[in-house]
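Okay, structure first, notes after.
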Amino acid sequence: MRLERVQVEQELTQGDAPRGEFYVRDIALAAPALVKKYAGKAQLIYMDPPFSTGDTFVMRTRVGEKDWKSGQGSLVQTAYRDDLPGEEYHRLLRTALETAHALLSESGVLFLHIDSRASARLRLLADEIFGEANFLNEIIWAYQTGGRARRYFSRKHDNILFYRKGRRYFFNIAAVPIDRSGSRRNHMKRHVDTDGRVYRSIRSGGKIYTYYDDEPVYPGDVWDDVSHLQQKDPQRTGYDTQKPLSLLTRIIRCASRPGDLVMDLFAGSGTTLEAARLEGRRFVGVDMSPISHMTVRKRMMGAQMLFDAPPSQGEPSAECSMLPGVGFYELSLDKFELEDGLVAKAIKGLDAVDNWGAGYLRGGVFHLMTREERTQKNPLLTGRISLPVFEGTPVIRIGDVTGRAFHYALQSD
């Protein structure tokens, strides 16, 4: 069986609704096509752009069965470099904010996630594009993780700027209650009523106010009840700057409804997309990093997805065999080797493969019908899958541990 390399930009995966899309593009390059397709249709846009730190952020990729069993990634790769000069950074964020404004519906809202390094400048930029009157909140997300400073106060919060596009925006605070038992405890007396319900009371201005522990209370603009991810949190993908699912779930629930369109223009590890999917929202993500692409594919396994990405560069060595069956082709991935010098560590055999699958190419779009991916529950890649027989030439897709993807048509010798 001979493998013939084919260039594929668009790929459709089968799965459960709602459908999502992911574009591996720089936002400046993706913006015109996104606006043409989605202008005025997004209910919620969340953006967690680079913070202008000057740092390089990495992905700790799990390689082979051993890493997937341990849960620790042994291959450290650059996810993105946050080192744009000041004016280039400003132009990037202007483009992203102008694109977000064009994409939002009249009832839509923006959550811009930044930190103290960029908050002042981006607040002014967002005021200019969205209008000062449409600024709603500066949310402080406070957390305890990270180091302790000795020459200044430890930096333990991020800023999330909340804007509406227009006056008739959608917002539902009732969708994000928090337990009253975790609040209003200071200086309050604890009581139990005749039904056994716990409540607390406080006297103020000659009146007594009571609050039952089992009644909801709603968050203010300081969120100190959402924890940052710990190093061994099972949510961890290995992607630096990954945000917790609970943070995005709160944002999505309060600012959108089931079936609404949620977008993330700096998708990174894909937390926004996963939260949107779990909450029954349609979703679109954009990120220029192939490492982000690999991470999102893993998190979106089992979803209906359109992936749009430029063909990967490189010439790895691959071999695959195919046997006809009753209604199925039996495929075996017999060999895949990375190019010499591509990564610093030695990776042998199929350990270089993170995922692979098969389907058919129709009208320039690859329809993925079956696949095998490494997960913590299934760390071993068998290299064997069954593909239903349909009209057309079978095509396999191999995703390697560096975030690249290669498509090959299976041709008879």
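The values are calculated or read from the model by the stated rules, or taken from the named source; none is laboratory data. These numbers come from a predicted model, not from an experiment. In this analysis, Cβ positions are derived from the backbone assuming ideal geometry, glycine residues included, and neighbour counts consider all displayed protein chains. These area figures cover heavy atoms from the full protein model, side chains too; ligands, DNA and RNA do not enter into them. Shrake-Rupley method; radii C 1.70, N 1.55, O 1.52, S 1.80 Å.
Taken residue by residue, segment 52-65 has at least one member that is in a loop (DSSP other than H, G, I, E, B), of a type in the set (D, E, K, R) and closer than 27 Å to L381 by Cβ. Filtering segment 105-120 for residues that are open to solvent by less than 50 Å² (accessible area, probe 1.4 Å), more than 20 Å from Y38 (Cβ to Cβ) and of a type in the set (A, V, I, L, M) leaves a non-empty set. The condition of being of a type outside the set (V, I, T), in contact with a Ser or Thr (Cβ under 9 Å, 6 or more places away or on another chain), closer than 17 Å to D287 by Cβ and buried (at least 20 other Cβ atoms within 10 Å of the Cβ) holds for L34. Residues of segment 95-104 that are among the hydrophobic types (A, V, I, L, M, F, W, C) and surrounded by fewer than 20 Cβ atoms within 10 Å (Cβ to Cβ): A102 alone. Looking across segment 73-94, the residues that are loosely packed, with under 14 Cβ neighbours inside 10 Å and assigned to a loop (DSSP other than H, G, I, E, B) come down to D83, P85. Condition first: of a type outside the set (D, E, K, R), assigned to a loop (DSSP other than H, G, I, E, B) and in contact with a strand residue (DSSP E or B) (Cβ under 7 Å, 6 or more places away or on another chain). Can you find one or more residues in segment 341-355 that meet it? Scanning segment 341-355 turns up at least one residue that is of a type outside the set (D, E, K, R), assigned to a loop (DSSP other than H, G, I, E, B) and in contact with a strand residue (DSSP E or B) (Cβ under 7 Å, 6 or more places away or on another chain). Here V326 fits the description: among the aliphatic types (A, V, I, L, M), closer than 25 Å to L410 by Cα and open to solvent by 40 Å² or more (accessible area, probe 1.4 Å). With respect to the conditions (1) open to solvent by less than 20 Å² (accessible area, probe 1.4 Å); (2) modelled with pLDDT under 95, Y360 lacks only one, and its number is (2). For beta carbons closer than 6 Å, sequence separation of 6+ or different chains, a first residue in segment 200-218 that is of a type in the set (S, T, Y) and a second that is open to solvent by less than 60 Å² (accessible area, probe 1.4 Å) and assigned to a strand (DSSP E or B), the qualifying pairs are Y209/I202; T210/Y199; T210/S201; Y211/R200; Y212/Y199. Against the test of being open to solvent by 20 Å² or more (accessible area, probe 1.4 Å), closer than 18 Å to D221 by Cα, modelled with pLDDT of 95 or more and out of contact with any Leu (no Cβ under 9 Å at 6 or more places or on another chain), the options N172, N137 yield a single qualifying residue, N172. Within segment 121-134, restricting attention to residues that are within 16 Å of L93 (Cβ to Cβ) and free of Cβ contacts under 8 Å to residues at least 12 places away in the same chain, the residue that is least open to solvent (accessible area, probe 1.4 Å) is D127.
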